[in-house]
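To keep things clear, I will list the structure first and then write my remarks on it.
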Amino acid sequence: MKTAKQTTGGAAGAPSAGYLRGEPGTGLYMPAVTPVLRDRAEDVRAGWMAANSRANDAQMNSGWIAGVVEQVVALMIGTGLRLNHKPDGSVLGWDEDQTASWARLVERRWEIWASQPYECDAAGRYTMAQMEAAAVRQWIGTGEVVASIREIARPGAETATKVRLIPSHWLSQNSDHLNRLDHGVYTDGNGLPVGYLFDVPDPLHYLREVRMPARDAYARPRIVHVFDGAAGQVRGITPLAPALKIVRQFDQLADATLTAAMIHAIFAATIESDYPTAEVMAALQDEDEVGGVDSTGLPGAFDAFMRQKVGWHQNVNIDLGRHGKIAHLLMGEKLKLQGSEHPNSTYEAFANFLLREIASCLGVMPSDLTGDYRGDTYSSVRMGIAKKWPLMEYRRRHIPGRLAQAVFEAWLEEEIDAGRIPLDGGVERFVTIRTSLVRADWRGPPKPQADDVKAAKAHETWYRLGVMSQEMICNDLGVDHEDVHEQLAREQASRTRLGLPDPATLLTGGGGPQDGQEGNQPADEADDEKDAA
């Protein structure tokens, strides 16, 4: 096996590129090398192991990073991605009602399968929602998600389709361009992945090379490899890579500040004196502590001097462990109590500056990272959400959404093949029109709202103007509009059966200003004034 060797640097002044160029020893403050433009795949290959190992270490040992990773998981996955199946029934001659009915059947069957670890997980431990959350954590740590789809028949299980998440570092680091192996990925002439090379742990051989196809002969997914990046990339890299230097700087700042504060706490008092240190320390202790004698059994020289010259000073001692003591030292001696100057007044501002860069790299608001909402107003929170949420939706669709989509395609193929989901022409027809029948959206939790009342009024306004549908409103709220309609129908039937009034007739609305809002003053300005007060 031929391995393409990569270098991360060269002689002084030589062109260089890649991740982690801010590491100590490679030009921490002003790099001496000249950046060079090259394929991003080369940068990823050179820095993959170093960057991802540091990112994983940060996830395990940095409370800030671990906390924000869980926050990203909550925003991206919530309780799990929900399938919104949208097949194109026209290829089968179906009308809209037939298409919707078939899609609802598929969604119900998927919900049953995805909620049972025994059915969906090769190891029988996790639901699909848990695997999606694990995939997001793996993507933040390594920049890619790797999973295999297998057929495992189990007693008591309806389906054989099972998913197994694979650690990203199992994917080989080797390259052999003669055999079209690029960083563990086999490709065809167009760059399409056709296989993957894994270094699988083996008790007998330590690591054993295993090649697995990307799809089978019927285009059924076998290996799912999800990442995001630039043109030409075949592997992903942690999104934390640009901020790893900042994470290290924050840790260094916190450690240095804590060390300085502890030193000041330990050395809380100092004495300035012309006398020898041992004699001065003896003067600060009473006879019970030092015995009043030296190693010969006779009074020490300094003790004799004290008895003869200062008299009553013998009974004066300084003990920082006792409270309320007043000491009177000899002439020429000064006692200084040291006050800790760490952290100083600039620490919080600089620390927040570093944390803001980390938050920007991960695509979250600084308050999501720090949990500090001081100074935030309704307008600033709403603007922050408006700026960051599209990125969260993009990542949801293209990271855990792609994993769920690949698994869904394999699962649906088996369901049709087994006859649990009817389809004219069976699995042979499905294989020929797969793309039209597997079209789906994957929904997560709704966009956070700074004020639910104002968001509801905005939805009402857009709906009355005819530019927003109930489905779009439900999408914003993170629910399926068909589920809502079916539930409303069931509730209405229940109320009619029990003789209860329709709640819509009990609701009234008003168009005047809200409580505490003057005239036509915009709601945002009113809220900001309340925040300032």
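The values are calculated or read from the model by the stated rules, or taken from the named source; none is laboratory data. Computed from a predicted structure; not experimentally measured. In this analysis, Cβ positions are derived from the backbone assuming ideal geometry, glycine residues included, and neighbour counts consider all displayed protein chains. Calculation scope for accessible area: heavy atoms of the full protein, side chains included, ligands and nucleic acids excluded. Shrake-Rupley method; radii C 1.70, N 1.55, O 1.52, S 1.80 Å.
Brief remarks on what is shown
- The listed residue being within 29 Å of the chain's Cα centre (by Cα), under 23 Å from R396 (Cα atoms), assigned to a loop (DSSP other than H, G, I, E, B) and modelled with pLDDT under 85, out of A450, A455: A450
- Condition check for K387 on (1) open to solvent by 20 Å² or more (accessible area, probe 1.4 Å); (2) touching a Lys or Arg at 6+ places or on another chain (Cβ under 8 Å): one failure, at (2).
- Applying the criterion of at least 1 residues that are of a type in the set (D, E) and either open to solvent by 50 Å² or more (accessible area, probe 1.4 Å) or farther than 23 Å from R45 by Cβ (or both) to the strands (runs of 3 or more DSSP E) found wholly in the range 120-239 leaves 144-151, 193-202, 206-213.
- Some residue of the range 429-446 being modelled with pLDDT under 90 and open to solvent by 50 Å² or more (accessible area, probe 1.4 Å): yes
- Count of the range 89-109 residues which are among the hydrophobic types (A, V, I, L, M, F, W, C), open to solvent by 10 Å² or more (accessible area, probe 1.4 Å) and either outside any helix (DSSP H, G or I) or under 17 Å from I416 (Cβ atoms) (or both): 5
- Contacts under 8 angstrom Cβ, first residue in the range 169-184 being farther than 14 Å from N52 by Cβ, partner in a helix (DSSP H, G or I) and open to solvent by 10 Å² or more (accessible area, probe 1.4 Å), 6 or more apart: S175/R45; D182/A41
- Cβ-Cβ distances below 7 Å connect the following pairs, each with a first residue in the range 451-480 that is without any contact (Cβ under 8 Å) to a residue 12 or more places away in the chain, a second residue that is acidic (D, E) and not in a helix (DSSP H, G or I), and a separation of six or more residues or different chains: C474/D480.
- Residue check, L83 part of a strand (DSSP E or B) and either over 25 Å from E393 (Cβ atoms) or not charged (D, E, K, R) (or both): yes
- Pairs linking a residue in the range 380-397 that is in contact (Cβ under 8 Å) with a residue 40 or more places away in the chain and farther than 19 Å from P239 by Cβ to a residue that is open to solvent by 60 Å² or more (accessible area, probe 1.4 Å) and among the charged types (D, E, K, R), with Cβ atoms under 7 Å and 6 or more positions apart or on different chains, are I385/K447.
- Selection from the range 460-516 of residues that are among the basic types (K, R) and either open to solvent by 60 Å² or more (accessible area, probe 1.4 Å) or modelled with pLDDT of 85 or more (or both): R464, R490, R497
- When each of E393, E409 is tested for being in a helix (DSSP H, G or I), open to solvent by 70 Å² or more (accessible area, probe 1.4 Å) and among the charged types (D, E, K, R), the lone residue that passes is E393.
- Residue selected from the range 412-428 under the condition part of a loop (DSSP other than H, G, I, E, B) and hydrophobic (A, V, I, L, M, F, W, C), by the criterion least open to solvent (accessible area, probe 1.4 Å): I421
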